[in-house]
Amino acid sequence: MVDRRDAEAAGGWRMPDGRVLVPGPIGPMYPGSLGLRSIFGVPDEPGEPDDVAEGVRPYYALDAFGAVDRVYSKGVYSVEDELYVTVYRVEDDTLYAHHSWSNLRYAESRHERSVECAGLIRLPPARVPSPESVAAALAELAEREQAEVAARRSRLEAVGASFLSTLPDHTGDGVLHLELTLEEWHPVIRLSDGRVLWRAAATDLTHKELLTLLRAVLAARYGEGPVRVTPSPEIVASEFWDPWN
């Protein structure tokens, strides 16, 4: 009898949009996370084969050129006493996301399952991408991600250098008060007398992230010197202040 996990690991599916979904290797869960049987809603039956206890696997969606278009992989994070876990699993012809939440202090938990992709069609063995081609696609994805990180770092350095170039050598006898605010929807730094000291170029930073970057530049430039930058009520109230929270 062929183990279901072995059959799945060697297979793949055609997605409704034409992409190909392939499974990755089984990996362990985060230490101390919720039990996998609970996450998957599998009853703990004595004597029954346990096909979830070993761990979970990622799934890779490949586009028409064989490049990795999306990775469905486990996600684990915690906030104080709360633990959040998301894992993925193909069941029949559907890729499901299993979401679990637990509060360690109150011993409470909640488990939900949502459909990520329905209508999967099992590929014949001859049409399944080879392990070598999947490995090459993952390596190319890693290179793309590294390039994106390097490009973003360069953009951040350029923003910081632009701001640094406008700063005076000395703050004077008093405290240098700066305000991060908006001028026609664009972030600017104003002096206490209302003059614009610096205008931000286009950036993918949220306004909150921009403030953190500017404060780091000021700390590097003046140390603990008497300089302060605060956000205006207008920029804090804008939709781009902290759009993810």
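Starting from region 197-209, take each residue that is under 16 Å from ASP242 (Cβ atoms) and list its partners that are of a type in the set (Gly, Ala, Ser) and open to solvent by less than 40 Å² (accessible area, probe 1.4 Å), counting only C-beta distances under 8 angstrom and pairs at least six apart or across chains.
Cβ pairs passing all conditions: HIS207/SER238.
Please pick out the residue among ALA142, ALA147, ALA137 that is touching a strand residue (DSSP E or B) at 6+ places or on another chain (Cβ under 6 Å), at pLDDT 95 or above and of a type in the set (Gly, Ala, Ser).
Going through ALA142, ALA147, ALA137 in turn, the sole match is ALA137.
Report, by residue number, each residue of region 214-230 that is within 17 Å of GLU179 (Cβ to Cβ) and open to solvent by 40 Å² or more (accessible area, probe 1.4 Å).
ARG215, PRO226, ARG228, THR230
Among (1) within 22 Å of PRO124 (Cα to Cα); (2) of a type in the set (Gly, Ala, Ser); (3) in a loop (DSSP other than H, G, I, E, B); (4) modelled with pLDDT under 55, there is one condition ALA7 misses while meeting the rest; what is its number?
The one condition ALA7 does not meet is (3).
Within region 200-211, is there a residue that is more than 20 Å from LEU156 (Cα to Cα) and touching a Leu at 6+ places or on another chain (Cβ under 8 Å)? Give the derivation first.
Filtering region 200-211 down to residues more than 20 Å from LEU156 (Cα to Cα) leaves none.
No - not one qualifying residue is present in region 200-211.
So is ALA97 of a type in the set (Gly, Ala, Ser), more than 16 Å from TYR59 (Cα to Cα) and modelled with pLDDT under 95 or not?
No; evaluated as a whole, the condition is false for this residue.
When you scan region 231-245, how many residues do you find that are open to solvent by 60 Å² or more (accessible area, probe 1.4 Å) and of a type in the set (Gly, Ala, Ser)?
The number of residues fulfilling the criteria is 1.
Taking the criterion of being in contact with a Pro (Cβ under 7 Å, 6 or more places away or on another chain) and open to solvent by less than 40 Å² (accessible area, probe 1.4 Å), would at least one residue in region 156-173 satisfy it?
Checked against the condition, which is being in contact with a Pro (Cβ under 7 Å, 6 or more places away or on another chain) and open to solvent by less than 40 Å² (accessible area, probe 1.4 Å), region 156-173 yields at least one hit.
Residues checked against (1) charged (D, E, K, R); (2) over 20 Å from the mean Cα position of the chain (by Cα):
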site	(1), (2)
GLU145	yes, no
LEU164	no, yes
ARG199	yes, yes
LEU214	no, yes
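Tally the residues that are open to solvent by less than 80 Å² (accessible area, probe 1.4 Å), out of contact with any Ser or Thr (no Cβ under 8 Å at 6 or more places or on another chain) and either under 19 Å from PRO25 (Cβ atoms) or outside any strand (DSSP E or B) (or both), restricting the search to region 112-151.
Total meeting the criteria: 18.
Can you say whether LEU178 is under 19 Å from VAL22 (Cβ atoms) and surrounded by 11 or more Cβ atoms within 10 Å (Cβ to Cβ), as far as the supplied structure shows? So that I can check it myself, show each step before the final result.
Details: under 19 Å from VAL22 (Cβ atoms): no; surrounded by 11 or more Cβ atoms within 10 Å (Cβ to Cβ): yes.
No; evaluated as a whole, the condition is false for this residue.
So is VAL76 open to solvent by less than 50 Å² (accessible area, probe 1.4 Å), in a strand (DSSP E or B) and farther than 21 Å from PRO16 by Cβ or not? Spell out the reasoning first.
Working: open to solvent by less than 50 Å² (accessible area, probe 1.4 Å): yes; in a strand (DSSP E or B): yes; farther than 21 Å from PRO16 by Cβ: yes.
So VAL76 passes the test.
The values are calculated or read from the model by the stated rules, or taken from the named source; none is laboratory data. As the structure is a computational prediction, the values presented were derived from the model and not from experiment. Positions of Cβ are generated from backbone atoms using ideal geometry, with glycine treated the same way; all protein chains shown enter the neighbour counts. The area values use the complete protein model at the heavy-atom level, side chains included, leaving out ligands, DNA and RNA. Shrake-Rupley method; radii C 1.70, N 1.55, O 1.52, S 1.80 Å.
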